[in-house]
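*Asks:* Please read through the structure below; I'll follow up with questions.
Just so you know, all these numbers are worked out from the coordinates, no wet-lab data involved. Just so it is clear, the structure is predicted and the values come from calculations on it, not from any experiment. For neighbour counting, all protein chains shown are included, and Cβ atoms are generated from backbone atoms with ideal geometry for every residue, glycine included.
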Amino acid sequence: MGFPSLQSIRTVFFGSPAFALPSFEALRAAGANLVGVVTQPDKPAGHGHRLTAPPVKVWAEQRGIPVFQPTGLKKEENRAFLRTLAPDLLVVVAYGKILPKEVLDLPKRGAVNVHASLLPKYRGPAPIPAAILAGETETGVTIMKLDEGMDTGPLLAQERVPIALEDAAGTLARKLADVGAQLLLPTLERYIEHELFPATRSLGEVWPTPQDNGQASVCPMLKKDDGRIDWTKAAEHIARMVRAYDPWPRAFTTWRGKQLLILQAVPWASSAPTGGPEVTTGIVSREPTGGVTVQTGRGKLQLLNVQLAGRKPLTIEQFLLGHPLLIGSTLGTASPRQTI
């Protein structure tokens with residue numbers, strides 16, 4: 001399918017993580033006139049804290065597309081390069097910062113964004129973990145026109161995506177990234193035609209569609225400590241944490257003074273929910289049927305895969321071969337009372 005309008009529009013792409021790559025590749029494959037890429041500066045990563053380029057930068061440089069990495073866009077000197085690119089349109093996919101009005105006003109045809117939720121739900125920088133943590137059974141992708149707010153602009157298109165029980169934030173992000181890329185091209189084609197040829201609009205048409213702010217919710221940026229497990233919470237909630245914070249910041253607890261990552265866990269389904277005023281939360285048990293569980297404020301959590309700080313990931317049975325004292329010990333801070 002051709003997208004002739006995209007080929008005639010000078011487009012600057014804003015994006016940083018791997019989530020943005022399918023949309024970027026879709027634009028390039030469609031022959032979009034990509035005159036530049038704006039991405040986050042290189043940042044320290046890994047145990048060696050070596051400067052690492054964002055995936056979008058690597059992708060763009062390999063294809064000979066000019067890359068810009070401003071430390072910010074509020075100052076005129078940091079956005080002068082945008083004027084030299086003379087963009088008609090900005091396409092923004094997980095760039096990582098809110099674009100100021102001065103940037104949004106530069107392109108003749110505005111800025112279009114791919115957001116990983118069904119707006120107005122889950123505005124903000126971490127919509128995928130937020131949806132999993134809330135126990136949602138579906139989420140989706142929204143294509144919207146950017147304004148000065150945080151994900152508050154009018155809607156161009158949406159597509160729903162079910163959340164599988166086994167989905168972690170990482171696997172769900174890959175699904176949504178692909179859906180967003182597929183939705184982006186036809187939406188942009190319609191949007192550009194809509195902008196260039198107002199006479200083609202239907203009488204009484206309201207598009208883009210304003211968001212219903214009364215239905216809005218906001219999710220904050222994730223912090224490392226968000227992954228700390230409170231064993232007084234319900235097993236179902238903690239299991240959702242494990243999925244929501246995979247691959248970052250990871251759900252974690254402490255054991256014998258060291259950080260223990262809980263990589264995979266599910267509510268223990270072999271017995272009725274347990275919990276009560278006298279229950280000690282955080283205690284690890286070997287169940288008669290063989291599973292390894294942790295007592296929570298409501299129900300038990302079955303541990304499947306874990307990782308001790310500085311060590312490699314292991315199944316719980318592999319971990320117990322080297323650390324048999326885990327059974328009977330207490331993880332994190334034990335509480336004698338139930339809090340759900």
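*Asks:* In whole Å, what is the distance between the alpha-carbon centres of region 139-154 and region 72-98?
*Replies:* One Cα centre to the other: 17 Å.
*Asks:* Something else about it: Got a sec to turn the phi values of region 295-306 into Karplus ³J(HN,Hα) couplings, 6.51 cos²θ - 1.76 cosθ + 1.60 with θ = phi - 60°, whole Hz, x for Gly and Pro?
*Replies:* Each residue of region 295-306 in turn: 6, 10, x, 8, x, 10, 10, 8, 7, 10, 9, 9 Hz.
*Asks:* Let me ask something else. Rounded to the nearest 500, what is the 222 nm mean residue ellipticity of the chain from helices alone, with -39500 (n - 2.57) per DSSP H run of 4+ residues and division by all residues? Could the numbers behind the result be given before it?
*Replies:* Working: 9 runs with 88 residues, N = 340.
Rounded to the nearest 500, the figure is -7500 deg cm²/dmol.
*Asks:* Shifting gears a bit: Angle between the Cα long axis of helix 169-196 and the longest principal axis of the chain, 0 to 90 degrees, nearest 10?
*Replies:* 20 degrees
*Asks:* I've got another one for you. Just to be sure I follow the definition: excluding the sites themselves, where is the longest run in the chain that has none of the GluC sites (Glu not before Pro) in a DSSP loop with at most 10 other Cβ atoms within 10 Å?
*Replies:* Between the exposed loop sites, the longest stretch runs 1-165.
*Asks:* Further, regarding this structure: Can you tell which of GLY36, GLY290, GLY227 shows the greatest fluctuation in a Gaussian network model of the chain with Cα springs below 10 Å?
*Replies:* Residue with maximal mean-square fluctuation among GLY36, GLY290, GLY227: GLY290.
*Asks:* State the Cα centre-to-centre distance between region 230-244 and region 182-199 in whole Å.
*Replies:* Each part's Cα centre sits 43 Å from the other's.
*Asks:* Okay, moving on. Once you list every other residue whose beta carbon is under 12 Å from the beta carbon of THR139, what net charge do they have if Lys and Arg are +1 and Asp and Glu are -1?
*Replies:* On the way: positive: LYS121, ARG160, LYS175; negative: GLU136, GLU138, GLU159, ASP167.
Net of charged neighbours comes to -1.
*Asks:* Say the dipole of region 224-326 comes from +1 at the beta carbon of Lys and Arg and -1 at that of Asp and Glu; which of HIS237, GLY227, GLY310 then lies farthest toward its positive end?
*Replies:* Value: GLY310.
*Asks:* For region 224-326, what does the alpha-carbon gyration tensor say about shape, rounded, prolate or oblate, given a ≥ b ≥ c as the root eigenvalues, a/c under 1.5 as rounded, and a/b over b/c as prolate?
*Replies:* oblate
*Asks:* Next question, about the same structure. So for the chain: antiparallel DSSP bridges make up what percent, rounded to the nearest 5?
*Replies:* 65 percent
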